[in-house]
1. Name every residue in the range 91-134 that is β-branched (Val, Ile, Thr) and over 19 Å from Gln73 (Cα atoms), in order of residue number.
2. Among the listed residues Leu103, Leu78, identify the single one that is crowded, with 17+ Cβ neighbours inside 10 Å, within 13 Å of the chain's Cα centre (by Cα) and within 20 Å of Val38 (Cα to Cα).
3. Of everything in the range 122-134, what is in contact (Cβ under 8 Å) with a residue 24 or more places away in the chain and in a helix (DSSP H, G or I)? Give them in sequence order.
4. Give the number of residues within the range 82-121 that are outside any helix (DSSP H, G or I) and either hydroxyl-bearing (Ser, Thr, Tyr) or free of Cβ contacts under 8 Å to residues at least 12 places away in the same chain (or both).
5. Have a look at Val30, Val63 and point out the one that is of a type in the set (Val, Ile, Thr), surrounded by 11 or more Cβ atoms within 10 Å (Cβ to Cβ), on the phi < 0 side of the Ramachandran plot and modelled with pLDDT under 55.
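The values are calculated or read from the model by the stated rules, or taken from the named source; none is laboratory data. A quick note: this is a predicted structure, and the numbers were derived from the prediction, not measured. As a convention, Cβ positions derive from the backbone with ideal geometry for all residues, glycine included, and neighbour counts pool all protein chains shown.
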Amino acid sequence: MKKLLILAALVLGINLSSNAQGILSKASAVASSAGLDVGSLTSGIMGKLTPSLNLSAAQQPTVTSMIKDFLVQKATALAARKTEPAAAANKVKNLASGLRSKLATVLTVAQLAKFTSLKPAAPSASNVLSQLFY
């Protein structure tokens, strides 16, 4: 009986793990269809944020994960832009606000102030950080 219970738990765990991978691959597909290369954008953004905010080794993986999650969610919102432009724009605005709130849990007050000051005056294709704010 005990072995059967352990086997059932193992099968359930494997099933949940494979479903999570499917969800991640679907999110990546949506990001690609929206024209966002999440991997390179995340890398570029972290390349600017790490020295600008003087991120510690402990902060870097958490901030990277938050940025990557934000970009995937943004890509999903942008995919809906053709059918519902106003709702998509509002969703992106809310995501950017939510990112700042999440970063506030990891960054110091000084780092968060510096992050806010990095916001470009207008969206710019040449400034990778504009992906975080617009």
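1. Those that are β-branched (Val, Ile, Thr) and over 19 Å from Gln73 (Cα atoms): Thr105, Val106, Thr108, Val109, Thr116.
2. Leu103
3. Listed by number, the residues that qualify are Gln131, Leu132, Phe133.
4. Here the count works out to 6.
5. Step by step, each of Val30, Val63 is checked, and only Val30 is of a type in the set (Val, Ile, Thr), surrounded by 11 or more Cβ atoms within 10 Å (Cβ to Cβ), on the phi < 0 side of the Ramachandran plot and modelled with pLDDT under 55.
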